[in-house]
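FYI, it's all coordinate maths here, none of it is from the lab. Values in this document were obtained by computation on a predicted structure and should not be read as measured data. With ideal geometry, Cβ positions are generated from the backbone for all residues, glycine too; neighbour counts draw on all protein chains shown.
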Amino acid sequence: MQLLLIHSDYIEYEVKKSTPVAEKIEESLKQGRLEDALTAFMAVEKVDEPNPADTIKRTVEEIEKVAAQVKAERLMLYPYAHLSSNLSSPKVAVSILKGIEEALTGKYEVMRAPFGWYKAFKISCKGHPLSELSRSILPEGEQGAQEVQVIPSCAKSSEDDDVVSEALKAESVAKSYWHILTPDGELHNIDDFDLSEHPNLQKFVDYEISKNRAVEKAPPHVELMRRLEIADYEPGSDSGNMRFYPKGKLMKTLLENYVLDETSKFGAMEVETPIMYDMNHPTLKKYLDRFPARQYSIESDKRHLFLRFAACFGQFLMNHDMTISYRSLPLKMIELTRYSFRKEQRGELVGLRRLRAFTMPDMHTLCTDMDQAVSQFDEQYNMCINVLDKIGIKLDDYEVAIRFTRDFYDSNRDFITNLAKTVDKPVLVEMWDTRFFYFVLKFEFNFVDALAKASALSTVQIDVENAERYDINYINTEGEAKKPTVLHCSPSGAIERCIYALLEKEAMAMEKGAVPMFPVWLSPTQVRIIPIAQRHLEFAEQVSEQLKCRADIDDREDTIGKRIREAGREWIPYVVVIGDKEVENGTINVTIRSESQPNKPVKMEMSAEDLNNRIMTEIEGLPYKGLPLSKLVSMRPKFI
RNA sequence: GCCUCGGUGGCUCAGCCCGGCAGAGCGAGUGAUUUGUAAUCACUAGGUCGCGUGUUCGAAUCACGCUCGAGGCUCCA
């Protein structure tokens, strides 16, 4: 039994024509309408034939469960053969459908659309989180059956159709085919590929496909983000809106500046667009109607506004008004949105991993045609690898997912193979037989965290829909207006999520017995200077002046042991202890965190200039900003 | 939205099962110590035990309602 449940404002149908298997019906059943009803589209399958009673029982349970969740009092039972490719005999189907109807009658106001007729129907989907659900009900012992992912399409109506059209069927149920693509170009069936040598990819695949994500504890980065005074929950705001303390704000600014620098080198023009838009703007309305409500909305005088969930709107509306010659293509614009807003469901928000307000670098590239788009895609793919690498997230830390339509794959096989070659490891492939989303090709780099949960960082998509929707044109060599092919790219993914990934990565490293740290250019304090006694403070000041980086002085009246420990707990890359010996010799003793092991610090005697040179080499070409807090640690407040 | 668990000084938590003076460690303040590589010692301050109602001689503890948070479901353009 395949079930597709839609909680609708209304559903109505009208029979058009009988098929050879049609049940005989009363005139009154030839049309029907229910308001505020849960509609159950159902397909009875071959596997249901041996035990119809069991199928009835379990289907009824499932429907009742959902009806209770959405508080529906009216049910429309709608036979919908297109949900399955392995249907039962019509006789069994009718008996099961009638059985379900009988079991539910009395508890609900039930209407059943007749079986075996071509019917036209209209449905208005409510669009709340539970309004669209699909269920496969299999007999006991048949759990291994093929998984079918249903991608819901909302607010669709088939009013123009005489019969339930093939197009609607295709859009209601787009099938995903999962594969593993190896660098040699082989496209393996996911079940046939041995992932045991790729444990991280295995985790990602499990997360993506089997959706098995039971986890018993909170993710480790939540404790770390607080303990390191990076970020924290803000109870005075909405959930998923974080506060950032000075150290976290510094890291965030550096990451933002880095991504902007890289995209600027890449030729992107930085722009800024509004964070709120008119819900009733004709172009935006069309776009919003395609998706269930997931945005913050604001009532302001007569207008109904929503907060942007990406920078697409602003940039596309700008593109629409621009005069663009083919000479300007590929044309790149970037905005670093502070913020983009998505009203994710309450239970889905976790620490810095998924937020309702987040900072998103969002670049769009207008290309003359698909060929140019494909070559741009390739360049941006490589840029993303490089950007994440500098941020401290290496190729081993994430898994690649590439998703495309079958048509795209058939005409770009070599190109896609090359993407796997570039990263030189197997990648997960999702292929759709029809295009449902606005893109024909996308990739993401998915970070797999300490609890085996995956989340996307970098992504690029080839969009074949929005140039049309926003009426974006360029003038070609012939002087004709043409629609460009558009690329969406976020080189790093959300900035907050990069911090999450770094924290989770270090948490995993700690588990394995390594010493955790941030890349030097991102460390809030790069050098901690610890004068042993007060008389060494002056020399400590001198050393800090010689270092052209974020060097602070722990002048608190604690023991050396304690201050060393504190520096370690702050993951400071270089720790300098200054006492009589140093003042005398003019050299310094540096503990180098990146070379140390737990309980085995690596210390080196060097001059302040040596240390400075070493750090300058490490942070060369990367953004820099001064200390986010007072140089003297004794003057700092505690944030947590 | 549904299910489960939780809310006790700034932080982390014990106490709750089985009702009887509200506790510890860290942090903060003060004093002593001026220190050579992962927690110096002593003292002090700091709490309507999330909110409300009920049961009781007596409620942090039991019951009910509310609220906020976390995890799961669902979802993730």
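Under the criterion of Cα pairs below 8 Å and six or more residues apart, the relative contact order for chain A equals 12 percent. Computing FRET efficiency as 1/(1 + (r/R0)^6) for A:K91 and A:D261, where r is the C-beta to C-beta distance and R0 is 51 Å, gives about 0.15. Seen against the Cα atoms of chain A and their longest principal axis, helix A:312-321 is set at about 80 degrees.
A DSSP coil position with no more than 15 other Cβ atoms inside 10 Å describes the following trypsin sites (Lys or Arg not before Pro) in the stretch A:596-640: A:K625, A:K638.
For the stretch A:587-640, what class follows from the C-alpha gyration tensor (a ≥ b ≥ c being the square roots of its eigenvalues): rounded when a/c is under 1.5, otherwise prolate if a/b is larger than b/c, else oblate? Oblate, since a/c reaches 1.5 and b/c is not below a/b.
When the square roots of the Cα gyration tensor eigenvalues are ordered a ≥ b ≥ c, the ratio a/c for chain A is 1.5 or more and a/b exceeds b/c, which makes its shape prolate. For chain A, the longest principal axis of the C-alpha atoms and the axis of helix A:90-104 are separated by about 70°.
If one takes the longest principal axis of the Cα atoms in chain A, at what angle in degrees, from 0 to 90 and to the nearest 10, does the Cα axis of helix A:537-546 lie? The helix A:537-546 is inclined about 60 degrees to chain A.
For the stretch A:13-112, the relative contact order comes to 36 percent (Cα pairs under 8 Å, sequence separation of at least 6).
For the stretch A:331-429, rounded, prolate or oblate, judged on the Cα gyration tensor with a ≥ b ≥ c (square roots of eigenvalues), a/c < 1.5 rounded, else prolate if a/b > b/c? Prolate, because a/c is 1.5 or more and a/b exceeds b/c. Using R0 = 51 Å, the C-beta based FRET efficiency linking A:K512 and A:R303 works out to 0.40. Relative protection proxy for A:190-203, A:453-466, from highest mean packing down: A:453-466, A:190-203 (other beta-carbon atoms within 10 angstrom).
Here r is the Cβ-Cβ distance between A:F437 and A:R556 and R0 is 45 Å; the resulting FRET efficiency, rounded to 0.05, is 0.20. DSSP beta bridges confined to chain A are antiparallel in about 75 percent of cases. Each Cα pair under 8 Å and six or more residues apart adds its separation to the average, and for the stretch A:550-640 the resulting relative contact order is 34 percent. Coupling constants for the stretch A:253-260 follow from the phi torsions by the Karplus curve (6.51 cos²θ - 1.76 cosθ + 1.60, θ = phi - 60°), and in residue order they are 4, 4, 5, 4, 5, 5, 5, 5 Hz; glycine and proline get x.
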